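Let me begin by presenting the structure, written as structure tokens, before commenting on it.
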Amino acid sequence: MVEFSFFSRGASLSVAEIAALTGAEPCEGADLSRRLIGIAPVDLAGGDDLTFVSETKFIAALKSTQAGAVLTPDRFAQHVPDGVTTLRIRKPYDAFVAVARKIYGGALRPASLFGTVGVSPGAMVHPSAQLAADVTVDPFAMIGPSATIGSGTLIGAHAVIGPGVRIGSDCSIGANCTITHAHVGDRVIIHAGCDIGQDGFGYVLGAAGHVKIPQVGSVIIGNEVEIGSGTRIDRGGIRATMIGEGTKIDNLCQIGHNCVVGRHCIIVAQCGLSGSVTLEDFVVLGPRTGIIPHVTVGKGAITASRSTVYENIPAGAFWGGFPAKPKRQWLREVMALQRLAERDQKNPKDQPSET
């Protein structure tokens, strides 16, 4: 049995409850009253755990699993050992996630690191700040003048909420975050160490030196956005930097000033968006994608890992490479270079003569 000791469990679930929750079909003769209290990988699961198998590479582990129950497609059911309850379903991982969310709901958002209830005596809250009755503020957090914090929101230890910032309901602001010049929607998760609303990077270059451009805009973050640890989102220069509803941003990303990120985008780790980039809805940026200023990535477009984008990407397209280009063109060029390299290895040019 795997013990996830840092996270408290919710109630256990019976096989019947798991089937009802996920739509899985229990095998014939399954004990529908059997209760499961945990989740685990197929090779580590014990008799009280639910596991899943969705790929052929895990069949060997499935044959010897000691799990209480397994979610798996019908084609793998024959490999489930006797005594393990089979729950047949077309998408086992999706079903496994649904159960995990029930058992470990507390792991879905950061919690108080100090077990604080209400406002810690060690926090600093300005008298003009407005906090709903059930806000949690951990020790050493600071909330500035005229800030507004909605009900059910957590402000983590050493977080700084600047003057006039508005944070909605049921949000989690992780430890050591700094949020200034920003309006944050409801059910937003900002993980530890993020900086939101600081200066954009703007200068007028000149032979005698570089002149700083005032950055007087803001950041607007929509409902149900999640922002990973260490990410920076600059405030706009003369407009708002905007992050659309439901967008998920991974760790260590940089969003420049005046960027507009649409709804339900996915931005994977170490991406960098220069100033005034626009991502339309449902864009997916692979890890370490970089985009130059004033580029638009169309609705539903995808970039491969380490792409560097120098021009607009059409809606629905898949681009990759340096510089980024349509996927098929990029892969053809990669293959052409590979063939050239292989040809040179087979037919080396004249070698220098020995002296």
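Just a few scattered comments:
- Accessible area (Å², 1.4 Å probe, nearest 10) - Lys57: 150 Å²
- Think of each Lys and Arg Cβ as +1 and each Asp and Glu Cβ as -1; about the Cα centre, that makes the dipole of the chain roughly 820 debye.
- GNM remark for the chain: springs join alpha carbons under 10 Å apart, and the peak mean-square fluctuation among Arg166, Arg343, Arg101 falls on Arg343.
- Pairs of lysines in the chain (C-alpha under 18 Å apart; 8 or more residues apart or interchain): 5
- Signed unit charges on C-beta, dipole axis of the chain, positive-most listed residue Gly144, Ile190, Val309: Val309
- In order through region 74-90: 3J(HN,Hα) via Karplus (6.51 cos²θ - 1.76 cosθ + 1.60), integer Hz, x for Gly, Pro: 4, 5, 9, 4, 5, 8, 6, x, 4, x, 9, 6, 9, 10, 7, 7, 5
- Hz values of 3J(HN,Hα) by residue in region 248-255 - Karplus curve (6.51, -1.76, 1.60), Gly and Pro given as x: 10, 10, 7, 5, 6, 9, 10, 10
- Region 14-85 and region 244-269 have Cα centres lying 36 Å from one another.
- Across all Cα atoms of the chain, the radius of gyration (one decimal) and Dmax (whole number) stand at 25.7, 88 Å.
- Surrounding net charge for Val160, when Lys and Arg each add one and Asp and Glu each subtract one, Cβ distance under 13 Å: -2
- Share antiparallel - DSSP beta bridges, region 20-164, percent rounded to 5: 10 percent
- Region 156-303 shape via C-alpha gyration tensor axes, a/c threshold 1.5: oblate
- Met335 contributes an accessible area of around 90 Å² to the protein surface, as traced by a 1.4 Å probe with all chains present.
- 16 Å cut-off, amide nitrogen to a point 7 angstrom out along Arg101 Cα→Cβ, residues in region 242-262: 246-248
- GluC sites (Glu not before Pro) within region 267-355, DSSP loop, no more than 10 other Cβ atoms inside 10 Å: Glu354
- Result for the chain in a Gaussian network model with C-alpha springs under 10 Å: among His79, His191, His183, the largest mean-square fluctuation is at His79.
- For region 294-303, the Karplus equation 6.51 cos²θ - 1.76 cosθ + 1.60, evaluated at θ = phi - 60°, returns couplings of 6, 8, 10, 9, x, 3, x, 6, 10, 10 Hz by residue, with Gly and Pro reported as x.
- For Ala123, distant residues with modelled amide H under 5 Å away: Phe140
- Signed unit charges on C-beta, dipole axis of region 225-355, positive-most listed residue Gln338, Gly275, Ile227: Gln338
- Dipole in debye (nearest 20) - region 50-99, about Cα centre, beta carbon charges: Lys, Arg +1; Asp, Glu -1: 120 debye
- Estimated inter-spin distance, His210 and Lys327, nm [label 7 Å along Cα→Cβ]: 3.7 nm
- When Cys27, Cys265 are compared by accessible surface with a 1.4 Å probe, the order from highest to lowest is Cys27, Cys265.
- Probe 1.4 Å, all protein chains present, accessible-area order of Val204, Val70, largest first: Val204, Val70
- What the Cβ-Cβ distance of Ala11 and Leu113 gives, at R0 = 25 Å and to the nearest 0.05, is a FRET efficiency of 0.50.
- Size of charge dipole - region 199-355 - debye, nearest 20, with Cβ of Lys, Arg +1 and Asp, Glu -1, no other charges: 260 debye
The values are calculated or read from the model by the stated rules, or taken from the named source; none is laboratory data. Keep in mind that this is a model prediction, so the values were computed, not measured. All Cβ positions, glycine included, derive from the backbone under ideal geometry; neighbour counts span all protein chains shown. To get the accessible areas, we keep the full protein, side chains included, count just its heavy atoms, and leave off ligands, DNA and RNA. Shrake-Rupley method; radii C 1.70, N 1.55, O 1.52, S 1.80 Å.
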